[in-house]
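One structure is given here, and the rest of the page talks about it.
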Amino acid sequence: MTTQSDNRSVVRRSLLGAVPALAALSACRSSRPTPASPGPHPAEGQPGLAAGARQAGVDRPAQPQTHTLASVYGLPPDADPAPVLARLGSVVLELTGKARTALGTEAGDLTVTVGVGPRPVALARRSVPGGLDLPAFAREERTARAWGGDLLVQACASDPVATVLADARLAAALEAEGASRRWSQAGFRPPGGGAVRNLLGFPDGIENPCTPAEVEQEVWLPGPGPLAGGTVAVVRRLRIDVSGFLAQSDARQEEAIGRRKADGAPLSGGGPLDRLDLSAKSARGRYLVPVMAHARRANPNATGSGRMLRRGYSYHNGPEDQGLLFVSFQRRLRTFTATQRRLDDGDDLMRFVTATASGAFLVLPGFDAKRPLGAGFMAGQS
Ligand code: HEM
């Protein structure tokens with residue numbers, strides 16, 4: 001009998017066999033750092049990455065840009081989010097729609113992804129299946145400023161200056177509408193496709209929805225309706241005790257992750273692109289992927305949840321505050337919460353991790369000059 005996981009292996013092998021044709025897609029399968037390729041440069045006047053039925057910065061470009069600057073804003077209690085979103089969307093189009101932007105720098109592969117928190121969703125009299133309210137989890141250092149929020153604005157680009165200039169322009173537009181910045185975080189990832197090394201030196205981002213069908217199924221909210229083309233984003237700043245983790249032997253580090261440090265191959269055997277075999281045991285009857293290994297604990301077979309598209313960035317605010325700006329996109333918040341709960345119950349990596357900022361947002365459907373950001377969504381307002 002052919003099982004679902006057999007089918008997946010066939011897909012994985014056929015993807016590997018078809019690398020040239022699927023270069024962009026297979027990027028998320030590749031665990032070996034690969035040379036950087038320049039981001040796409042939309043021609044003058046073309047909508048480029050910004051406009052469309054879905055926002056950019058989720059699965060477009062397929063290879064995440066090397067830099068990000070994510071900011072979370074609050075709106076005044078009496079604010080009407082509709083005009084704020086329309087203004088924000090027009091600035092996004094201005095910044096990303098042309099080869100050379102009003103910033104005086106090339107737009108290149110700059111993307112800006114906008115999400116709304118629970119309050120604007122409620123004001124629009126809409127509901128997101130499964131909601132946007134994150135429960136309390138273990139190892140959180142909460143501050144009112146860095147928890148929750150009304151608007152997520154994430155700029156990503158190969159050029160870090162472009163993310164900073166774009167963020168400043170977006171902030172000015174939002175502040176003119178009464179919004180105030182609650183927290184922001186810059187992040188980076190090595191150049192190269194697919195999985196790239198994180199601050200612990202491990203390839204990160206190997207196991208992600210990858211084929212168009214997987215991304216469709218796991219990430220994008222289905223239509224018809226005002227949510228079609230949206231997705232649920234979870235953004236968390238996760239401080240890592242990097243020196244504490246690295247003080248362990250390489251073998252212990254690999255047991256904590258469940259994959260080899262050199263190439264990301266599962267401890268259950270096979271190559272970097274093979275899935276974990278959670279049932280594989282040593283001759284002595286011990287699981288080859290240890291029971292508290294992060295990749296086992298987070299594995300969707302173990303959590304019983306759907307799969308999330310992880311598109312995170314490392315950050316470094318100094319030796320005492322460095323880690324992962326965790327960003328995941330999924331259809332349902334439960335995909336994240338069920339996974340996080342399981343990590344809270346035991347995970348040999350999470351012992352070194354503390355959340356210092358957190359929020360869940362609905363990434364609104366795409367927009368363009370004729371259909372302003374949030375138009376179909378905020379129309380639910382009375
Ligand atoms: C500082 C925090 C974290 C670090 C450094 C980290 C690192 C990693 C690494 C190295 C892998 C194995 C390679 C891969 O498949 O990408 C992995 C897998 C994974 N992580 Fe994390 N992770 C962190 C936090 C989280 C959190 C908070 C979640 C979700 C709640 C999560 C969800 C996953 C998932 C779903 C997988 C794939 C598991 C599989 O199916 O094999 N991770 N992570």
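Summary table
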quantity: Which numbered condition LEU273 misses (of (1) at pLDDT 95 or above; (2) in contact with a helix residue (DSSP H, G or I) (Cβ under 8 Å, 6 or more places away or on another chain); (3) farther than 21 Å from ARG342 by Cα); calculated: (1)
quantity: The listed residue being closer than 24 Å to LEU199 by Cα, more than 10 Å from the ligand (Cβ to nearest atom) and buried (at least 21 other Cβ atoms within 10 Å of the Cβ), out of ARG311, ARG331, ARG297, ARG307; calculated: ARG311
quantity: Some residue of the stretch 172-195 being within 15 Å of the ligand (Cβ to nearest atom), at pLDDT below 95 and aliphatic (A, V, I, L, M); calculated: yes
quantity: Filter pass, ARG341 being surrounded by fewer than 21 Cβ atoms within 10 Å (Cβ to Cβ), within 12 Å of the ligand (Cβ to nearest atom) and modelled with pLDDT of 95 or more; calculated: yes
quantity: Any chance PRO365 is over 24 Å from GLU218 (Cβ atoms), more than 9 Å from the ligand (Cβ to nearest atom) and not small (Gly, Ala, Ser); calculated: no
quantity: Scope the stretch 300-322; condition of a type outside the set (Ser, Thr, Tyr) and either within 20 Å of GLY148 (Cβ to Cβ) or in contact with a Pro (Cβ under 9 Å, 6 or more places away or on another chain) (or both); matching residues; calculated: GLY306, ARG307, MET308, LEU309, ARG311, GLY312
quantity: Some residue of the stretch 285-299 being in contact with an Asp or Glu (Cβ under 6 Å, 6 or more places away or on another chain), under 15 Å from GLU255 (Cα atoms), modelled with pLDDT of 95 or more and aromatic (Phe, Trp, Tyr); calculated: no
quantity: Residue within the stretch 315-324 that is over 28 Å from PRO191 (Cα atoms) and of a type outside the set (A, V, I, L, M) present; calculated: no
quantity: Residue satisfying condition, being β-branched (Val, Ile, Thr) and either in a helix (DSSP H, G or I) or surrounded by fewer than 23 Cβ atoms within 10 Å (Cβ to Cβ) (or both), within set VAL215, VAL234; calculated: VAL215
quantity: Residue tally, condition over 20 Å from GLY201 (Cβ atoms) and either in contact (Cβ under 8 Å) with a residue 24 or more places away in the chain or within 9 Å of the ligand (Cβ to nearest atom) (or both), over the stretch 263-290; calculated: 3
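The values are calculated or read from the model by the stated rules, or taken from the named source; none is laboratory data. In this text, all values refer to a predicted model and were calculated from it rather than measured experimentally. Here Cβ is always computed from backbone atoms with ideal geometry, including for glycine, and neighbour counts include all displayed protein chains.
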